[in-house]
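A.B. asks: Sharing a structure here in C-alpha coordinates format.
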Amino acid sequence: MSQHFCATCNRVRLSATGNIHLCLGQEDKAPLRDLLRDNCSDAELDQAIRDAIAMKPEKHEFVENPKKIIRVMALTGG
Ligand code: SF4
(Lines give C-alpha, C1' and ligand atoms only; values in the text may rest on other atoms or scores of the structure.)
Protein backbone atom coordinates (compact mmCIF):
# COMPACT_ATOMS: atom_id res chain seq x y z
CA MET A 1 0.00 0.00 0.00
CA SER A 2 2.86 2.40 0.68
CA GLN A 3 4.46 1.81 -2.72
CA HIS A 4 1.49 0.81 -4.80
CA PHE A 5 2.00 -0.20 -8.42
CA CYS A 6 -1.43 0.67 -9.78
CA ALA A 7 0.05 2.68 -12.65
CA THR A 8 1.31 -0.52 -14.29
CA CYS A 9 -1.47 -2.84 -13.14
CA ASN A 10 -3.26 -4.79 -15.85
CA ARG A 11 -5.06 -7.26 -13.61
CA VAL A 12 -8.73 -8.08 -13.41
CA ARG A 13 -10.44 -10.96 -11.61
CA LEU A 14 -13.28 -13.09 -12.91
CA SER A 15 -15.46 -14.32 -10.05
CA ALA A 16 -17.49 -17.51 -9.87
CA THR A 17 -20.60 -15.34 -10.03
CA GLY A 18 -19.65 -14.10 -13.48
CA ASN A 19 -18.41 -10.63 -12.64
CA ILE A 20 -15.11 -9.18 -13.74
CA HIS A 21 -13.74 -7.20 -10.81
CA LEU A 22 -11.63 -4.45 -12.26
CA CYS A 23 -9.56 -3.57 -9.20
CA LEU A 24 -9.01 -4.95 -5.71
CA GLY A 25 -9.36 -1.46 -4.31
CA GLN A 26 -12.51 -0.32 -6.07
CA GLU A 27 -16.02 -1.67 -6.48
CA ASP A 28 -16.06 -1.38 -10.27
CA LYS A 29 -17.14 -4.57 -11.98
CA ALA A 30 -18.69 -5.78 -15.20
CA PRO A 31 -21.25 -8.60 -15.35
CA LEU A 32 -20.64 -11.38 -17.89
CA ARG A 33 -23.00 -14.05 -16.60
CA ASP A 34 -26.09 -13.03 -18.54
CA LEU A 35 -24.09 -12.61 -21.72
CA LEU A 36 -22.61 -16.10 -21.36
CA ARG A 37 -25.95 -17.67 -20.45
CA ASP A 38 -27.47 -16.14 -23.55
CA ASN A 39 -24.89 -17.99 -25.65
CA CYS A 40 -23.13 -14.90 -26.87
CA SER A 41 -20.61 -15.16 -29.66
CA ASP A 42 -16.87 -15.12 -29.04
CA ALA A 43 -16.77 -11.65 -30.62
CA GLU A 44 -19.45 -10.36 -28.24
CA LEU A 45 -17.61 -11.81 -25.26
CA ASP A 46 -14.33 -10.36 -26.48
CA GLN A 47 -15.92 -6.93 -26.81
CA ALA A 48 -17.54 -7.13 -23.38
CA ILE A 49 -14.17 -7.96 -21.79
CA ARG A 50 -12.48 -5.13 -23.68
CA ASP A 51 -15.22 -2.70 -22.64
CA ALA A 52 -14.80 -3.79 -19.02
CA ILE A 53 -11.04 -3.39 -19.03
CA ALA A 54 -11.41 0.06 -20.55
CA MET A 55 -13.25 1.01 -17.33
CA LYS A 56 -10.43 -0.22 -15.09
CA PRO A 57 -9.89 2.27 -12.25
CA GLU A 58 -6.63 4.17 -12.17
CA LYS A 59 -5.73 3.17 -8.61
CA HIS A 60 -6.97 2.16 -5.20
CA GLU A 61 -7.92 4.63 -2.49
CA PHE A 62 -7.09 2.56 0.57
CA VAL A 63 -5.41 5.50 2.28
CA GLU A 64 -7.52 8.42 1.05
CA ASN A 65 -10.88 6.69 1.37
CA PRO A 66 -10.49 3.52 3.48
CA LYS A 67 -14.22 2.84 3.85
CA LYS A 68 -14.95 3.02 0.13
CA ILE A 69 -14.25 -0.63 -0.59
CA ILE A 70 -16.84 -2.99 0.87
CA ARG A 71 -15.52 -6.15 -0.83
CA VAL A 72 -12.44 -7.27 1.10
CA MET A 73 -9.53 -8.67 -0.90
CA ALA A 74 -9.97 -12.20 0.45
CA LEU A 75 -13.42 -12.38 -1.16
CA THR A 76 -11.90 -11.65 -4.53
CA GLY A 77 -8.77 -13.72 -4.16
CA GLY A 78 -6.31 -10.88 -4.48
S1 SF4 B 1 -5.37 -1.66 -6.29
FE2 SF4 B 1 -6.33 -2.06 -8.28
S3 SF4 B 1 -5.12 -0.93 -9.79
FE4 SF4 B 1 -3.92 -1.05 -7.89
S5 SF4 B 1 -2.60 -2.84 -8.17
FE6 SF4 B 1 -4.46 -3.53 -7.09
S7 SF4 B 1 -5.89 -4.21 -8.66
FE8 SF4 B 1 -4.29 -2.99 -9.66
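A.B. asks: Tell me the Kirkwood radius of the chain: reciprocal of the mean inverse pair distance over distinct alpha-carbon atoms, in Å. Provide the component values of the computation, followed by the final result.
C.D. replies: Working: mean 1/r = 0.0742 Å⁻¹.
By the Kirkwood definition, the hydrodynamic radius is 13.5 Å.
A.B. asks: Compute the signed sum of charges (Lys and Arg +1, Asp and Glu -1) over the other residues within less than 15 Å, Cβ to Cβ, of residue 40. All intermediate terms of the calculation are to be shown ahead of the outcome.
C.D. replies: On the way: positive: 33, 37, 50; negative: 34, 38, 42, 44, 46, 51.
Charge balance in the 15 Å sphere: -3.
A.B. asks: Right, here's the next one. For the chain, which whole-number percentage of the solvent-accessible area (1.4 Å probe, protein heavy atoms only) is attributable to carbon and sulfur atoms?
C.D. replies: Numbers: 3190 of 5950 Å².
C and S atoms contribute 53 percent here.
A.B. asks: A further question follows. Once the Cβ-Cβ distance between residue 73 and residue 36 is put in as r, and R0 is 25 Å, what FRET efficiency do you end up with, to the nearest 0.05? If you can, show how the numbers build up before the last one.
C.D. replies: Values: r = 25 Å, r/R0 = 1.01.
Efficiency, from the Cβ-Cβ distance: 0.50.
A.B. asks: With label points built 7 Å along Cα→Cβ from the Cα atoms of residue 15 and residue 54, find their separation and express it in nm.
C.D. replies: Computed distance between label sites residue 15 and residue 54 equals 2.4 nm.
A.B. asks: Students often check this: by mean Cβ neighbours within 10 Å, which of 48-55, 34-41, 19-26 ranks highest, and how do the rest follow? Write out the running numbers ahead of the final one.
C.D. replies: On the way: 48-55: 13.6, 34-41: 10.9, 19-26: 20.4.
Top to bottom by mean Cβ count within 10 Å: 19-26, 48-55, 34-41.
A.B. asks: Keeping every protein chain in place, order 8, 17, 76 by accessible area at 1.4 Å, biggest value first, i.e. largest first.
C.D. replies: On the way: 8 115, 17 80, 76 30 Å².
Heavy-atom accessible area, descending, gives 8, 17, 76.
A.B. asks: Output wanted: per-residue J couplings in Hz (rounded whole) for segment 56-69, from phi through Karplus 6.51 cos²θ - 1.76 cosθ + 1.60, θ = phi - 60°, x for Gly and Pro.
C.D. replies: 4, x, 5, 6, 7, 10, 4, 8, 6, 9, x, 8, 5, 7
A.B. asks: Another question, if that's okay. Report, in degrees rounded to the nearest 10, the 0 to 90 angle that the Cα long axis of helix 42-54 makes with the longest principal axis of the chain.
C.D. replies: Here the helix axis deviates by roughly 20 degrees.
A.B. asks: Kindly report the accessible area of the chain per residue (heavy atoms of protein chains, probe 1.4 Å, no ligands, DNA or RNA), in Å².
C.D. replies: Values: 5950 Å² over 78 residues.
Per residue, the chain has 76 Å² of solvent-accessible surface.
A.B. asks: OK, next. Lys and Arg at +1, Asp and Glu at -1: add these up for the other residues within a Cβ distance under 10 Å of residue 17 and post the number. If you can, show how the numbers build up before the last one.
C.D. replies: Numbers: positive: 29, 33; negative: none.
With Lys, Arg at +1 and Asp, Glu at -1, the net is +2.
A.B. asks: Related question: Is there a quick way to get the dipole size of segment 1-70? I mean about its Cα centre, with the Cβ of Lys and Arg at +1 and of Asp and Glu at -1; what is the value in debye to the nearest 20? Spell out each step's value before the answer.
C.D. replies: On the way: 10 positive and 11 negative charges, 63 e Å.
The calculated dipole for segment 1-70 is roughly 300 debye.
A.B. asks: What is the calculated FRET efficiency for residue 7 to residue 45, with r their C-beta to C-beta distance and R₀ = 25 Å, to the nearest 0.05?
C.D. replies: On the way: r = 28 Å, r/R0 = 1.12.
Plugging the Cβ-Cβ distance into 1/(1 + (r/R0)^6) gives 0.35.
The values are calculated or read from the model by the stated rules, or taken from the named source; none is laboratory data. Keep in mind that this is a model prediction, so the values were computed, not measured. Reconstructed Cβ throughout: ideal geometry from the backbone, glycine too, with neighbour counts over all protein chains shown. Side chains included, ligands, DNA and RNA excluded: accessible areas come from the protein's heavy atoms. Shrake-Rupley method; radii C 1.70, N 1.55, O 1.52, S 1.80 Å.
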